[in-house]
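The structure under discussion appears below in the form of structure tokens.
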Amino acid sequence: MNTKRMLFALTCAGVMTPVMAQTVNDSNLVVSPYLTGLSQPTGMVFSGAGQGFVIEKATGLVKRFEAGAVTGSVLDLSVNSGSERGLLGIALDPDFSTNGFTYLYYSSTGGSGGVDNGAWVDNRVARFQWNGTSLVDTGVFRTFGTAADGQATGPNHNGGPLAFGSDGKLYGTTGDLNRNGVEQNNTGTTQSSAVGGLYRLNTDLSTPADNPFTGSQAPFHAYGVRNSFGLAFDPVTGNLWDTENGPGSFDEINLVAKGFNSGWNLIMGPDSRNSQNESDLVHLSPSGSTYSDPEFSFQTPVGVTALQFLHGSSWGSGYDDAVIVGDNNTGQLYLFRLNAARTGFVLAGNLADLVADTTAERNALVFGDNFSVTTAMHLGADGALYVTSLGDGAVYRIAPVPEPGSIVMLALGLGLLVLRLRRRRG
Ligand SMILES: [Ca+2]
Ligand SMILES: [Ca+2]
Ligand SMILES: [Ca+2]
Ligand SMILES: [Ca+2]
């Protein structure tokens with residue numbers, strides 16, 4: 001089942017559906033449009049207060065925004081956007097303010113000049129450099145699946161999001177491209193699919209010496225991942241989390257340890273829910289790998305996408321233990337509460353088994369609605385949550401409602417000032 005592909009097809013065909021007002025289940029918060037008029041945005045980053053970059057899936061454009069408005073394009077990549085391919089991820093170097101390095105993950109045609117939809121050549125993460133007016137290709141890139149390696153080419157399960165860890169390394173996701181090698185826990189082969197996991201790279205896109213695996217798996221931090229549209233670091237623990245997309249059953253949210261094997265394509269969802277076992281999996285050398293169950297699963301997939309931690313947000317300390325998750329299929333946002341160690345979620349009743357088995361169980365987690373296809377979520381320097389919606393061609397901002405009290409105090413202050421000025425004159 002590939003609902004995302006269906007939605008992309010509908011979007012491309014120009015089928016219009018009325019945009020419903022975005023809502024969240026907290027009357028102290030308000031949702032407002034921040035950027036609009038975008039074509040299938042798949043990600044955004046802030047490079048400073050109120051400014052940054054937003055990327056588009058099918059045009060391969062990186063657009064600049066300042067003060068809540070798009071100011072123009074700063075790069076035009078030549079992408080193949082068939083199915084889930086396209087320009088899919090962006091991250092800024094931790095030292096962006098001095099080196100301008102900007103990382104993009106996209107489905108390349110190998111062409112230049114911005115012309116799109118030539119034949120797919122590879123999925124690549126590439127390093128560009130911001131010179132104040134445009135993003136310049138540095139020629140540094142790394143591929144995850146190529147047409148030349150003779151294996152399946154997707155076109156779905158390309159992964160996408162990028163993020164930097166507190167270790168200064170670049171992390172990203174690749175889907176399995178419908179391949180079936182050792183990274184997909186195929187015990188009957190020694191062939192590497194070169195895809196299907198979370199990779200970890202140095203800023204020059206070389207392989208860090210302390211990655212858990214060697215050989216063709218050396219770039220990988222984790223594997224056994226069917227596809228992923230979500231990756232985020234907990235700002236408190238530094239732990240890496242992802243979301244993973246199941247086939248006809250079991251979308252997942254995972255805490256991703258170094259050397260994690262998520263189980264695909266033998267185990268999806270909790271190990272207890274299927275006939276295959278951990279002992280059936282491929283354990284990569286030299287340090288082995290660690291299987292663990294997802295921290296949460298949706299028995300019926302929602303097409304889970306971006307996730308974000310709300311610790312330190314402007315929503316208040318009541319959200320410091322919260323994680324928000326988006327999806328493709330329902331347009332809803334889901335809210336989870338972390339345990340004290342921030343290693344799992346606090347769930348009760350029918351959710352205590354860490355699986356939403358029914359729509360009613362899932363609905364107990366719903367926090368927002370009408371966000372269409374959420375592809376990215378970021379906290380701004382202002383503490384607001386910015387939600388990128390591919391389906392609406394927009395970025396939404398979720399922030400506290402301005403307090404009426406603050407307006408009254410401002411009016412009182414101005415009144416007193418006027419009185420003082422009058423007295424001085426008198
Ligand atoms: Ca283009
Ligand atoms: Ca898993
Ligand atoms: Ca099992
Ligand atoms: Ca359940």
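The values are calculated or read from the model by the stated rules, or taken from the named source; none is laboratory data. Fair warning: this is a prediction, and the values are worked out from it, not measured in the lab. Cβ coordinates were reconstructed from backbone atoms using ideal geometry, including for glycine residues, and neighbour counts include every protein chain displayed.
Being in contact (Cβ under 8 Å) with a residue 60 or more places away in the chain and either under 24 Å from Gln308 (Cβ atoms) or in a strand (DSSP E or B) (or both) is the filter here, so list the residues in region 168-195 that pass it. Gly168, Leu170, Tyr171, Gly172, Thr173, Gly175 - these are the residues of region 168-195 that are in contact (Cβ under 8 Å) with a residue 60 or more places away in the chain and either under 24 Å from Gln308 (Cβ atoms) or in a strand (DSSP E or B) (or both).
Return a yes/no flag: does region 199-215 have any residue that is within 17 Å of the chain's Cα centre (by Cα) and not aliphatic (A, V, I, L, M).
For region 199-215, residues within 17 Å of the chain's Cα centre (by Cα) and not aliphatic (A, V, I, L, M): present.
Scanning region 111-118 turns up no residue that is part of a strand (DSSP E or B) and within 16 Å of ligand 1 (Cβ to nearest atom).
Is it the case that region 291-300 has a residue that's surrounded by 15 or more Cβ atoms within 10 Å (Cβ to Cβ) and of a type in the set (Asp, Glu)? Yes, region 291-300 contains a residue that is surrounded by 15 or more Cβ atoms within 10 Å (Cβ to Cβ) and of a type in the set (Asp, Glu). Against the definition (of a type outside the set (Phe, Trp, Tyr) and either surrounded by 19 or more Cβ atoms within 10 Å (Cβ to Cβ) or within 16 Å of ligand 3 (Cβ to nearest atom) (or both)), how does Gly326 come out, yes or no? Criteria met by Gly326. Scanning region 230-267 for residues that are within 16 Å of ligand 4 (Cβ to nearest atom), of a type in the set (A, V, I, L, M, F, W, C) and in a loop (DSSP other than H, G, I, E, B) yields a single hit, Phe250. Number of residues in region 90-110 that are part of a strand (DSSP E or B) and hydroxyl-bearing (Ser, Thr, Tyr): the value is 6. Hey, can you tell me all the residues within region 212-229 that are outside any strand (DSSP E or B) and of a type outside the set (S, T, N, Q)? Answer for region 212-229, where residues must be outside any strand (DSSP E or B) and of a type outside the set (S, T, N, Q): Pro212, Gly215, Ala218, Pro219, Gly224, Val225, Arg226, Phe229. Before we move on, is Asp242 crowded, with 23+ Cβ neighbours inside 10 Å and either within 19 Å of the chain's Cα centre (by Cα) or polar (S, T, N, Q) (or both)? Yes; evaluated as a whole, the condition is true for this residue.
The strands (runs of 3 or more DSSP E) found entirely in region 325-394 include none that carry 2 or more residues being modelled with pLDDT under 95, more than 19 Å from the chain's Cα centre (by Cα) and not charged (D, E, K, R). Looking only at residues of region 86-122 that are within 24 Å of the chain's Cα centre (by Cα) and among the hydroxyl-bearing types (Ser, Thr, Tyr), we find that the one that is farthest from Asn156 (Cα to Cα) is Ser97.
Exactly one residue out of Ala348, Ala356 is among the small types (Gly, Ala, Ser), farther than 23 Å from Gly159 by Cα and without any contact (Cβ under 8 Å) to a residue 24 or more places away in the chain, and it is Ala348. Considering region 269-292, the residues that are in contact with an Asp or Glu (Cβ under 7 Å, 6 or more places away or on another chain) and within 22 Å of Gln217 (Cα to Cα) include one that is nearest to ligand 3 (Cβ to nearest atom), namely Glu278.
Conditions tested, residue by residue: (1) surrounded by 22 or more Cβ atoms within 10 Å (Cβ to Cβ); (2) at negative phi.
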| position | (1), (2) |
| --- | --- |
| Gln129 | no, yes |
| Val136 | no, yes |
| Phe164 | no, yes |
| Gly175 | yes, yes |
| Asn178 | no, no |
| Val195 | yes, yes |
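Against the conditions (1) surrounded by 20 or more Cβ atoms within 10 Å (Cβ to Cβ); (2) more than 14 Å from ligand 2 (Cβ to nearest atom), where does His311 fall short? Just the number, please. It is condition (1) that His311 fails.
Residues that are in a loop (DSSP other than H, G, I, E, B) and within 16 Å of ligand 4 (Cβ to nearest atom) within region 269-295 comprise Gly269, Pro270, Asn274, Asp293, Pro294, Glu295, listed in sequence order. There is no residue in region 347-358 that is more than 16 Å from ligand 2 (Cβ to nearest atom) and surrounded by 24 or more Cβ atoms within 10 Å (Cβ to Cβ). The C-beta contact set for region 62-76 (first residue within 15 Å of Gln129 (Cα to Cα), second residue buried (at least 20 other Cβ atoms within 10 Å of the Cβ) and among the basic types (Lys, Arg), distance under 6 angstrom, 6+ apart or interchain) comprises Ser73/Lys63; Val74/Arg64.
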